[in-house]
Amino acid sequence: MIPVHNQPELTAACLRSLAASDSIGSCRVFLVDNASDPAALEKVAPAVEALPNWVLIHKGHNSGFVQATNAGIRVSAAPFVLLLNNDTEVPRDWLGKFLSTFAADARIGIAGPLSSNPGQWQGQHERILSWPQQDGHPRYRTLHWPGAMLSFFCAMLRRKMIDEIGLLDESFGVGLGDDDEYCLRVRRAGWKLALMLD
């Protein structure tokens with residue numbers, strides 16, 4: 001699920017990283033266009049068409065990240081849904097890492113990766129790797145402390161959890177805070193958040 005509004009160079013790089021990944025043939029990519037300029041969409045078209053299985057959803061106006069994400073989630077029927085910012089690139093083996101994390105614990109509702117941005121908390125690798133392994137798993141840490149959240153720049157959600165607690169809160173409009181609020185709902189409903197370490 002990739003919401004986009006213009007920024008064709010970033011979006012094309014994101015899509016190329018998906019196309020080059022190991023398991024892209026088993027995925028459907030939903031590109032939710034928030035009323036981009038036609039010229040921007042033309043620049044992205046070759047990267048979109050290189051994907052084996054894609055859906056383009058056009059919105060008539062820029063409704064922001066949250067509504068665009070929910071529009072894609074409503075159309076998808078997959079057991080897992082990846083939320084991905086258009087300025088994010090994934091490694092070749094991203095899907096296997098996500099799925100193995102979910103397979104390790106049926107109560108993991110959301111999994112997210114480390115970030116390459118040291119200014120974001122998920123990018124503070126040394127600090128994160130020093131945390132005790134409370135869940136006993138070497139490849140991820142479940143987030144236990146009050147207020148813990150995962151950023152939705154790249155996060156995979158379990159469909160069963162979405163069906164139970166609902167979609168993102170559209171009152172957040174363009175975003176900013178929607179991921180925190182959703183993570184709080186997830187934890188209150190008894191689901192876990194997992195931060196993947198590799």
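Summary table
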read-out	value
Residue among 111, 155 that is in contact with a Phe, Trp or Tyr (Cβ under 8 Å, 6 or more places away or on another chain) and not in a loop (DSSP other than H, G, I, E, B)	111
Matching residues, the stretch 51-97, being outside any loop (DSSP other than H, G, I, E, B), under 16 Å from residue 111 (Cα atoms) and among the β-branched types (Val, Ile, Thr)	81
Total residues in the stretch 158-181, condition under 18 Å from residue 113 (Cβ atoms) and without any contact (Cβ under 8 Å) to a residue 24 or more places away in the chain	0
Within the stretch 9-24, tally of residues that are open to solvent by less than 20 Å² (accessible area, probe 1.4 Å) and of a type outside the set (A, V, I, L, M, F, W, C)	3
The stretch 87-115 - residue that is of a type in the set (Ser, Thr, Tyr) and under 20 Å from residue 138 (Cα atoms) and, of those, most open to solvent (accessible area, probe 1.4 Å)	100
Condition broken by residue 8, with the remaining ones in (1) under 23 Å from residue 77 (Cβ atoms); (2) more than 16 Å from the chain's Cα centre (by Cα) satisfied	(1)
Scan of the stretch 159-198 for residues that are outside any helix (DSSP H, G or I) and either in contact with a Ser or Thr (Cβ under 7 Å, 6 or more places away or on another chain) or at positive phi (or both), ordered by number	166, 168, 173, 175, 176, 177, 190, 192, 193, 194, 196
Output for the stretch 166-194, where each listed residue is open to solvent by 60 Å² or more (accessible area, probe 1.4 Å) and of a type outside the set (Lys, Arg)	170, 171, 172, 174, 176, 180, 184
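The values are calculated or read from the model by the stated rules, or taken from the named source; none is laboratory data. Treat the numbers as computed from the prediction; the structure is a model and nothing was measured. As a convention, Cβ positions derive from the backbone with ideal geometry for all residues, glycine included, and neighbour counts pool all protein chains shown. With ligands, DNA and RNA removed, areas are computed over all heavy atoms of the protein, side chains included. Shrake-Rupley method; radii C 1.70, N 1.55, O 1.52, S 1.80 Å.
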